[in-house]
1. Would you mind telling me which numbered condition in (1) touching a strand residue (DSSP E or B) at 6+ places or on another chain (Cβ under 6 Å); (2) outside any loop (DSSP other than H, G, I, E, B) Gly39 fails?
2. Restricting the search to the range 6-37, which residues are out of contact with any Pro (no Cβ under 8 Å at 6 or more places or on another chain), of a type in the set (Phe, Trp, Tyr) and surrounded by 16 or more Cβ atoms within 10 Å (Cβ to Cβ)?
3. Looking at the range 42-54 only, could you name the residues that are surrounded by fewer than 16 Cβ atoms within 10 Å (Cβ to Cβ), part of a loop (DSSP other than H, G, I, E, B) and touching a residue at least 24 places away in the same chain (Cβ under 8 Å)?
4. Return only the number of the condition from (1) closer than 18 Å to Met69 by Cβ; (2) surrounded by 15 or more Cβ atoms within 10 Å (Cβ to Cβ) that Gly91 does not satisfy.
5. Just wondering, is there one or more residues in the range 55-68 that are touching a helix residue (DSSP H, G or I) at 6+ places or on another chain (Cβ under 7 Å), closer than 17 Å to Val21 by Cβ and open to solvent by less than 20 Å² (accessible area, probe 1.4 Å)?
6. Please identify the pairs in which a residue from the range 107-133 that is under 16 Å from Val24 (Cβ atoms) and among the small types (Gly, Ala, Ser) has its Cβ atom under 9 Å from the Cβ atom of a residue that is open to solvent by less than 10 Å² (accessible area, probe 1.4 Å) and part of a loop (DSSP other than H, G, I, E, B), counting only partners at least 6 apart or on another chain.
Amino acid sequence: MTDEELFEHARVVNFAYKAPVAKVQLSILDGDWEIWDYGDAPKNCSDNEYKFGMSRTTPEGWRLDRTPMELAEEVAAWLDENGWTDIKTRGYSGEIADVVVEAEYPEKHVDLLVVDISPGELFDSVTVSATSTCEPGDAHTISTMRRPGEGEREKLPASEHPTAPPSFGHTEDGKRRFWKDSE
């Protein structure tokens, strides 16, 4: 595979794994989510394999309208109805009120989805994190191709709606690269 083919495959995988995760987010909150890890930087997962990881959380001030376990059960049911597999829900004993839902969707390049539901005194939070499947290729080569050119690059957003078009790297002039920019 040429470097250009590797980059194109990485872009396709990146957008493919972000799409079902965005739908999970929408099932919880149809609004802007804070971005902790944008999810377009490849990481090594073994020799000559890479993966992506992303993380979003509900905005400060957001409140649950039901118990964490009730939301977890709703999320797990939604995941089951929408093609996700290996769904697990975990609560904790004692004074820990967090509930975690895990699932996978390998056909959509999602190796692991984790939904962490945390009640709080001032506000509640839900963090949705996902790791893509491991794919053949060199993470360093992809990273280099994601950031061509020199100089300043457009910053990634601090928050965005799940339906916002995802970007993958930057153009030569430092602008975020969207799907239509690289077709």
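1. Every listed condition holds for Gly39 apart from (2).
2. Of everything in the range 6-37, those that are out of contact with any Pro (no Cβ under 8 Å at 6 or more places or on another chain), of a type in the set (Phe, Trp, Tyr) and surrounded by 16 or more Cβ atoms within 10 Å (Cβ to Cβ) turn out to be Phe7, Tyr17.
3. Asn48
4. (2)
5. Checked the range 55-68: at least one residue is touching a helix residue (DSSP H, G or I) at 6+ places or on another chain (Cβ under 7 Å), closer than 17 Å to Val21 by Cβ and open to solvent by less than 20 Å² (accessible area, probe 1.4 Å).
6. Taking only residues 6 or more apart or on different chains, the pairs are Ser125/Thr58; Ala130/Gly39; Ala130/Phe52; Ser132/Gly39; Ser132/Phe52.
The values are calculated or read from the model by the stated rules, or taken from the named source; none is laboratory data. Bear in mind that the values here come from a model prediction, so they are computed numbers and not experimental data. Methodologically, a virtual Cβ is constructed for each residue, glycine included, from the backbone with ideal geometry; neighbour enumeration extends over all protein chains shown. Ligands, DNA and RNA are stripped out before the accessible areas are found, and what is left, the full protein with its side chains, is counted by its heavy atoms. Shrake-Rupley method; radii C 1.70, N 1.55, O 1.52, S 1.80 Å.
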